[in-house]
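One structure below.
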Amino acid sequence: MHKTTYDELRMVSPLLGSRNGLDTAEDSMAIIATKIAEMVTIEDDLIASSIGTD
């Protein structure tokens with residue numbers, strides 16, 4: 001979500017917005033995509049373990 005503020009991101013996804021500030025002015029899209037993928041994997045693992053499907 002290029003040119004999206006942290007506040008806008010937090011309104012859509014509080015978990016993602018609170019975990020990491022990602023800035024395309026500082027990192028390439030590849031690095032940002034990697035960071036997002038890592039966060040999603042962690043969240044998926046937490047959900048799976050909470051319902052006992054890991």
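A few points about this structure:
- When restricted to residues that are over 11 Å from the mean Cα position of the chain (by Cα) and loosely packed, with under 11 Cβ neighbours inside 10 Å, the range 33-46 contains 0.
- Cβ-Cβ distances below 9 Å connect the following pairs, each with a first residue in the range 12-25 that is β-branched (Val, Ile, Thr), a second residue that is modelled with pLDDT of 75 or more and surrounded by 13 or more Cβ atoms within 10 Å (Cβ to Cβ), and a separation of six or more residues or different chains: Thr24/Ile32.
- Checked against the criterion of being modelled with pLDDT of 75 or more and hydroxyl-bearing (Ser, Thr, Tyr), the candidates Thr41, Thr53 yield just one match: Thr41.
The values are calculated or read from the model by the stated rules, or taken from the named source; none is laboratory data. Source: prediction; values computed, not measured. All Cβ positions, glycine included, derive from the backbone under ideal geometry; neighbour counts span all protein chains shown.
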